[in-house]
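Notes for the one structure printed next.
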Amino acid sequence: MPSASRPYSSPAAVIDSDAMDSAAPAVTVESINPKVGSSITLFVINAFVATPSSLVKRPSLIISPKYHFFFSNSIQRLQHELQNKPGCHPFNEILYFNVGNPQSLGQKAITFFREVLVLCDHPPLLDKSETRALFSGDAIARARHILDGVKGLRDAVAAGIASRDGFPANPDDIFLTDGATPAVHIIMQLLIRSEKDGILCPIPQYPLYSASIFLHGGSLVPYYLDESTGWGLEIAELKKQLDEARSKGITVRALVVINPGNPTGQVLAKENQKQIVDFCKSEGLVLLADEVYQDNVYVDDKKFNSFKKIARSMGYEDADLLLVSIQSVSKGYYGECGKRGGYMEVTGFSDEVKEQIRKVATVNLCFSNISGQILVSLVMNPPKIGDESYESFNAEKQGILSSLARRAKALEDAFNGLEGVICNKAEGAMYLFPRLHLPQKAIEAAKVINSAPDVFYARCLLDATGIVVVPGSGFGQVPGTWHIRCTILPQEEKIPGIISRLHAFHEAFMQQFRD
């Protein structure tokens, strides 16, 4: 027993003072795993830059470290000044033109989905007499069905996929996840064995992919989308980058395709999708289809088609193509970012490989929360014609989507009306990615502060108008071109004001830096 005069110390806790100098250093940014630090920088700061005709294995920072947190710090400063010094800026609110979270910008939740969630979260409500007056009958019935067995949620998702595509789906191929991000990480963990394994990713791209590839120790193999054809995906470009990677000893394992596109907003044509399927089949690549914006299509001449539907319509069976399809409840007309629900459908993989995926999911004990799982099943199986909630559900859905389409068109037209700005058609997703042709004087001014020109433009825009956008540098772009990414999510009544501020700023900016 330890004496009363001396605190007890286990042998492991006794440190020789002579050994203090050799003790492990404190945990600091410098001493943590560099892959973690670089990956977080890559994703949060959006500081990825693509290099043409080369493999990008490490993040290349184009923003000076002292500007890494410029936007977050500037926004906090502006918010403080607007609250405490009214009239100190030519604007009275910050407009978040950068956020991809619909409900954080005022979009209403779908009533039917939330009713079912409430009843599932608190089942005793189902036995109360007043519940029938407060909730729709089909929401009550759906909640009872779900509570009878959560296992049926994968069956519901499979039924929804089959209804969407016209081809059967196997519940055993479906993995429910906490949104799309865990699905991406688990597939990268599955495919990447070393830095000699590469993943073909689009440029511009959602930085989750470059960050996760680096975090798991692989090599990003970039391919460029063609801005001149509306951000088209050219097979010749894929082949060029694939062959070059292989010539450098890289084993390319998969092709990432984001459809509809983030940050570019394009919707792939069916013929293009067929070419992509054939390419993956002939080259032995896993096709990783990011389809989280599948409900966000705003043009009459384009329609979302899942890659699974395309492959099956071409005659490919499960064993013919390795396909991972990802969906999330965070986007679409539902916009439930906070509920963290999603799935990946894994087809063409052996039962042995799928068992390894299940093992990894089991290690991550919170791989999928119950509310998120329920919401995924509701998104893939919403009310149908004849159901009690159908009319109100459809009115909410169409109201949201038609408003998004109007906002997309208004902003597209506004950008194309600005000097030196070209914006491709807003076909889908939630974003516009206009190209900025900036005066040389503006480019030189950016160099003076060690900033990329599009970062400089975005900084000036924020300070002058309170509008927050994301510089295109964060998504990758053809060297020498500059873009900004803007969401179409600010409420519709605010769009005219945003356009007015943007027009006035851009006119003044171009005049100030005119060559």
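The values are calculated or read from the model by the stated rules, or taken from the named source; none is laboratory data. Predicted, not measured: the structure shown is a model, and the values here were computed from it. Here the Cβ positions follow ideal geometry from the backbone for every residue, glycine too, while neighbour counts run over all protein chains shown.
On the given criteria, is A426 crowded, with 17+ Cβ neighbours inside 10 Å, modelled with pLDDT under 95 and touching a helix residue (DSSP H, G or I) at 6+ places or on another chain (Cβ under 9 Å)? For A426, the condition - crowded, with 17+ Cβ neighbours inside 10 Å, modelled with pLDDT under 95 and touching a helix residue (DSSP H, G or I) at 6+ places or on another chain (Cβ under 9 Å) - is met. Counting the residues of region 383-406 that are under 24 Å from G472 (Cα atoms) and either among the hydrophobic types (A, V, I, L, M, F, W, C) or touching a strand residue (DSSP E or B) at 6+ places or on another chain (Cβ under 9 Å) (or both) gives 2. What residue, among those in region 268-292 that are touching a Phe, Trp or Tyr at 6+ places or on another chain (Cβ under 8 Å) and in contact (Cβ under 8 Å) with a residue 60 or more places away in the chain, is nearest to G348 (Cα to Cα)? Here the residue is L285. Across region 162-200, the qualifying residues are those that are acidic (D, E) and within 23 Å of E355 (Cβ to Cβ), and the one among them that is surrounded by the fewest Cβ atoms within 10 Å (Cβ to Cβ) is D172. For region 435-476, residues that are in a loop (DSSP other than H, G, I, E, B) and within 23 Å of N101 (Cα to Cα) total 3.
Checking each residue in region 395-421 for being under 17 Å from E336 (Cα atoms) and of a type outside the set (V, I, T) picks out E396, K397, Q398, G399, L401, L404. Scan region 67-94 for residues that are closer than 19 Å to R485 by Cα and modelled with pLDDT of 85 or more and the total you get is 1. Within region 379-415, being among the charged types (D, E, K, R), more than 29 Å from F505 (Cβ to Cβ) and touching a residue at least 12 places away in the same chain (Cβ under 8 Å) holds for D387, E388, E396, K397.
Residues in region 482-515 that are assigned to a helix (DSSP H, G or I) and polar (S, T, N, Q): S500, Q511, Q512.
Quick grid of which residues meet (1) without any contact (Cβ under 8 Å) to a residue 12 or more places away in the chain; (2) closer than 30 Å to G218 by Cβ; (3) of a type outside the set (S, T, N, Q); (4) in contact with a strand residue (DSSP E or B) (Cβ under 6 Å, 6 or more places away or on another chain):
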{"residue": "S104", "(1), (2), (3), (4)": "no, no, no, no"}
{"residue": "R132", "(1), (2), (3), (4)": "yes, no, yes, no"}
{"residue": "R144", "(1), (2), (3), (4)": "no, no, yes, no"}
{"residue": "D148", "(1), (2), (3), (4)": "yes, no, yes, no"}
{"residue": "G160", "(1), (2), (3), (4)": "no, no, yes, no"}
{"residue": "I174", "(1), (2), (3), (4)": "no, yes, yes, yes"}
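If you take the residues in region 316-343 that are out of contact with any Leu (no Cβ under 9 Å at 6 or more places or on another chain) and not in a loop (DSSP other than H, G, I, E, B), which one is nearest to Q373 (Cα to Cα)? Of everything passing the filter in region 316-343, S328 is nearest to Q373 (Cα to Cα). Just to be sure, is P479 assigned to a loop (DSSP other than H, G, I, E, B), closer than 24 Å to Y223 by Cβ and either under 25 Å from the mean Cα position of the chain (by Cα) or not assigned by TED's automatic domain parsing to the domain that holds V299 (or both)? Here the answer is yes, as P479 does meet what is asked. For the condition in contact with a strand residue (DSSP E or B) (Cβ under 7 Å, 6 or more places away or on another chain) and more than 22 Å from H89 (Cβ to Cβ), A452 qualifies.
So that you can scan it fast, the table gives a plain yes or no per residue for (1) among the small types (G, A, S); (2) at pLDDT 95 or above; (3) surrounded by 20 or more Cβ atoms within 10 Å (Cβ to Cβ):
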position	(1), (2), (3)
G474	yes, no, yes
T481	no, yes, no
I484	no, yes, yes
Q491	no, no, no
P496	no, yes, no
S500	yes, yes, no
H506	no, yes, yes
Q512	no, yes, no
D515	no, no, no
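The single condition among (1) modelled with pLDDT of 95 or more; (2) touching a helix residue (DSSP H, G or I) at 6+ places or on another chain (Cβ under 6 Å) that I161 does not meet is (2).
Residue pairs whose Cβ atoms lie under 6 Å apart, separated by 6 or more positions or on different chains, with the first residue in region 315-333 and under 20 Å from Q398 (Cβ atoms) and in the same structural domain as I374 (by TED's automatic domain parsing) and the second part of a strand (DSSP E or B) and at pLDDT 95 or above, do not occur.
Report, by residue number, each residue of region 201-222 that is β-branched (V, I, T) and either under 12 Å from the mean Cα position of the chain (by Cα) or surrounded by fewer than 24 Cβ atoms within 10 Å (Cβ to Cβ) (or both). The answer is I203, and nothing else. Residues of region 83-99 that are surrounded by 12 or more Cβ atoms within 10 Å (Cβ to Cβ), within 12 Å of T465 (Cα to Cα) and under 32 Å from the mean Cα position of the chain (by Cα): F91, E93, I94, L95, Y96, F97.
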